[in-house]
Each structure stands twice: as structure tokens, then as C-alpha cells.
Amino acid sequence: MSTVTIYHNPKCSTSRNALEMIRASGEEPRIVEYLKNPPSRDELKAIAKATGEPLRALVRTKQAEYLEQGLDNPALTDDQLIDAMLATPVLINRPIVVTALGARLGRPLEKVLEVLPSASRQVASGA
């Protein structure tokens with residue numbers, strides 16, 4: 001079983017590049033196509049916590065639905081944002097990579113390296 005999970009959109013070049021980066025590190029990730037199988041409310045909360053960023057960082061602001069649904073309102077609670085993300089999964093930012101070392105939104109893409117176990121071993125060994 002893989003220790004790396006990527007919440008992936010195969011139509012997104014950044015997401016495809018993150019998948020390629022993970023595989024190049026020697027890992028074969030569990031791939032979750034979140035548009036078909038969105039994470040649960042609890043998973044979204046856990047992912048946000050593991051990133052160390054506010055949950056709002058997981059919302060894709062470039063989607064038309066973001067403004068259409070008024071999600072730019074800073075008064076919205078995390079639960080309201082999650083409700084929107086669950087109802088409209090395209091609002092989930094991507095790619096998200098989750099490992100035992102934490103979770104990172106792959107924007108910029110290099111952030112993924114921070115949580116890849118093999119990349120961490122290379123840094124620790126000075127490779």
C-alpha cells in the first residue's frame with residue numbers, strides 16, 4: 001500500500017506534473033480522482049490541518065463557481081466552504097499530496113517535495 005496519496009485531476013497539467021514528480025521519487029501513489037470521488041468532510045478538514053494552512057487555501061479561486069457562489073466572502077466559515085467544495089468538487093484546489101509527513105497543495109509544484117518520503121531521505125542523507 002502506498003504511503004503517498006494524490007488528489008488528482010488528470011486534465012490539470014500541474015496535477016499531472018505532480019504525479020510525475022511523485023513517481024520520479026520512487027513512489028507509486030494512491031490516486032484519488034477527486035472530481036469522481038471527492039474527499040469527505042472529515043478528510044477535507046484533516047487535509048487542511050495537515051497542510052498547516054487555513055482551509056480556505058484548499059478552495060480553487062480561479063473557478064467561475066467561486067465567485068458565483070459568493071465564496072470570496074471572508075465571513076464564510078470553514079464548514080460553509082466545505083459544503084461548497086463537497087457540492088461542487090471542481091472548487092477543490094489541486095493537486096493535493098498527502099503522506100505521513102503531512103499534506104501540501106502542489107502550488108507551487110515544488111511544495112510537494114516537502115512531504116515526499118523519498119525526497120526527505122535524500123535531503124537527510126545529503127544526496
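When each of Leu71, Leu76 is scored by the number of other beta-carbon atoms lying within 10 Å, the sequence from fewest to most is Leu76, Leu71.
Rounded to the nearest 500, the helix-only mean residue ellipticity at 222 nm of the chain stands at -10500 deg cm²/dmol, with each DSSP H run of n ≥ 4 adding -39,500 (n - 2.57). Ranked by how many other Cβ atoms sit within 10 Å of their own Cβ, fewest first, the residues Ser15, Ser40 fall in the order Ser40, Ser15.
Going by neighbour counts of Cβ atoms within 10 Å, the residues Arg94, Arg16, Arg104 line up, fewest first, as Arg16, Arg94, Arg104.
Over the chain, what is the percentage of antiparallel beta bridges among all DSSP beta bridges, to the nearest 5? Approximately 65 percent, going by the DSSP bridge assignments.
Computed from the coordinates by the stated procedures, all read-outs in this text should not be read as laboratory data. Note that the coordinates shown come from a computational prediction; the quantities given were computed from them, not determined experimentally. Neighbour counts run over all protein chains shown; Cβ positions are idealised from the backbone, glycine included.
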